[in-house]
Amino acid sequence: MTSPSIGSLELTILLAVARLGDEAYGVAIRRDLAERTAREHSIGAVYTTLQRLEDKGLLRSRSSEPLPVRGGRSRRCFALTGAGARALQEARAQAASVWAGVPPLGPKRA
Amino acid sequence: MTSRPAHRPGRPLGRFSAAAPPHARRSTDEWLVALGADARFVADVLGDLAEGYVARAATGGRFAASCWYGGEVVRSTPHIVGHTLANVARRGTPGQRVRLAGLIATLALVASALVAAVLTRDGPPARFAVNAGHGGGADVGVVVNHRTPVRIALQVLDSAGHQLDATGVRYAWMSGMRIPVSARGEVTCTRRGDAVVRAMLGALAMELAVHCEPLRKLLGDGAKYVLLGDTTQLLHVEGTALDGRPAERLASRVRVLDRSIATLAGARIMPRRAGRTVMVVEAGNERMTVPLMVVERTRSLAALAPDGHPLALLVRLAMGEVVRLPVAVGHLWIEYVAESSTASAVYFDTDGAPCWAEPMAVPGARARLECNARASGATVALVATEGAAAGLLVLRSAP
């Protein structure tokens, strides 16, 4: 079965969720993205993408207990589904295939 | 046994901590959800904002945290709006759709008002313009028909044509006939002649000709009779200057008291309905009223109904030709109004009704007849006595 197509930010967030494991919730995911891509994505952009990935069946989520630090709101923790894991594997294989045969890149020597 | 009720996600857990963000109120969640936003999405975004604020306030202080909070709200707003629209489109209740449509309409209204305010705002003074009551425009300058001091009162416009405050305009006499000119633009014309006056407002300046032609008297045609549907009639106004000669330039203002009967397009009279009114002509210190009667066209003098609108018959007679017309029962006024281009004369003759005729004094003037026909069968004859006659026979009930 072919996995749904995923975009660049979707792939990056899926990878962050895979790395963070049980700690994959909004603030941690944004922090991970900022460290690895050197870009501050807005909270709205991250949650819109997380929602889309959940709608595609690549992520699932659960709510934590309400926390005072969040103004009495719960954290929503995300985890990869089986389809999400497969999508990551396919993305990795596709990237390897695309990069295969490319010589080391760098300034040409005369 | 009593148990503590389970806390529902999305409900506040008592008071916020001291470092809680200033804007994160529960009403924000409720407001967004009421508009149709997904409750879980709103709670996630606002929860992350609150958590981020607390973390930053602890390390960088509340001011830095508030700045970050505000920036994140701005950056996330498009996503929240987009998500809300998509959510309402997919799963919204009719109430949510109505509320969201109302909000969008309100925002569109506010945006339109802002755009309109920007487009209609006044710019810096760009040019002067001559008021309509002062003559034909900047190329002909200003016509002054007053015998007493009068303000020139130029208009000041910006580049978009908006009228600006003109109280700061200053005036000075430059050349031509010597006339007193005050700094505020009051000129005094005691005789015929031309002068050049300079108007200044900041860097804006203009020289304009002031044509002095103080009026002694206004002259007109007398009462105007216009057929309903006839738009060829013009109002002629002339003036006599202080030196007794005809005025060459008139800066006159004309208005019709009852604009439901007729209006004016320049000097052209535009009849709208049958009736009587008055045109008021003003020029300089002079004022003149011209009665105006708009009449319906008829083919018979017998068509007049008691208390009905005035009627008019077009008359064309060769010299010596007689036309005999039956008149309606009642007390009537019949008036022959010669076309201005003809110098004809007519004579009334009556049969079967007591009538009092007021003959024409000179050809081209008006002839009047007052009749009191008590029974049908009365007639009025009209005879062209001096050349061909062309004009209107106006018929109305006597007051």
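The values are calculated or read from the model by the stated rules, or taken from the named source; none is laboratory data. Quick caveat, the model's predicted, so the values are computed rather than measured. Quick reminder, even Gly has a Cβ in these numbers, built from the backbone with ideal geometry, and neighbours come from all protein chains shown.
Brief remarks on what is shown
- Residues that are part of a helix (DSSP H, G or I), at negative phi and surrounded by fewer than 17 Cβ atoms within 10 Å (Cβ to Cβ), drawn from segment A:12-44: A:18, A:19, A:22, A:23, A:31, A:34, A:35, A:36, A:37
- Check on residue B:239, exposed (fewer than 13 other Cβ atoms within 10 Å of the Cβ), out of contact with any Lys or Arg (no Cβ under 6 Å at 6 or more places or on another chain), touching a residue at least 60 places away in the same chain (Cβ under 8 Å) and not aliphatic (A, V, I, L, M): no
- Qualifying residue in segment B:37-45 (condition: more than 10 Å from every other protein chain (Cβ to nearest Cβ), more than 52 Å from the chain's Cα centre (by Cα) and modelled with pLDDT under 90): yes
- Residues being within 29 Å of residue B:213 (Cβ to Cβ) and at pLDDT 90 or above - total across segment B:253-276: 11
- For segment A:47-61, the tally of residues that are out of contact with any His (no Cβ under 9 Å at 6 or more places or on another chain) and within 11 Å of chain B (Cβ to nearest Cβ) stands at 5.
- Candidates B:106, B:120, B:93, filtered to the one that is at pLDDT 85 or above and more than 14 Å from chain A (Cβ to nearest Cβ): B:106
- Some residue of segment B:149-170 being outside any loop (DSSP other than H, G, I, E, B), within 16 Å of residue B:283 (Cα to Cα) and either touching a Gly at 6+ places or on another chain (Cβ under 9 Å) or modelled with pLDDT of 90 or more (or both): yes
- Some residue of segment B:132-140 being within 30 Å of residue B:250 (Cβ to Cβ), more than 14 Å from chain A (Cβ to nearest Cβ), of a type in the set (Gly, Ala, Ser) and crowded, with 19+ Cβ neighbours inside 10 Å: yes
- Just so you know, in segment B:302-335 the residues that are modelled with pLDDT under 80 and in contact with a helix residue (DSSP H, G or I) (Cβ under 6 Å, 6 or more places away or on another chain) include one that is surrounded by the most Cβ atoms within 10 Å (Cβ to Cβ), and it is B:327.
- Count of segment A:62-94 residues which are within 11 Å of chain B (Cβ to nearest Cβ), surrounded by fewer than 19 Cβ atoms within 10 Å (Cβ to Cβ) and of a type in the set (Gly, Ala, Ser): 2
- Residues being over 17 Å from the mean Cα position of the chain (by Cα) and surrounded by 14 or more Cβ atoms within 10 Å (Cβ to Cβ) - total across segment B:262-279: 9
Each row is one residue, and each column tells you yes or no for (1) in a loop (DSSP other than H, G, I, E, B); (2) under 28 Å from the mean Cα position of the chain (by Cα); (3) within 17 Å of residue B:290 (Cα to Cα).
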| site | (1), (2), (3) |
| --- | --- |
| B:174 | no, no, no |
| B:190 | yes, no, no |
| B:196 | no, no, no |
| B:230 | yes, yes, no |
| B:244 | yes, no, no |
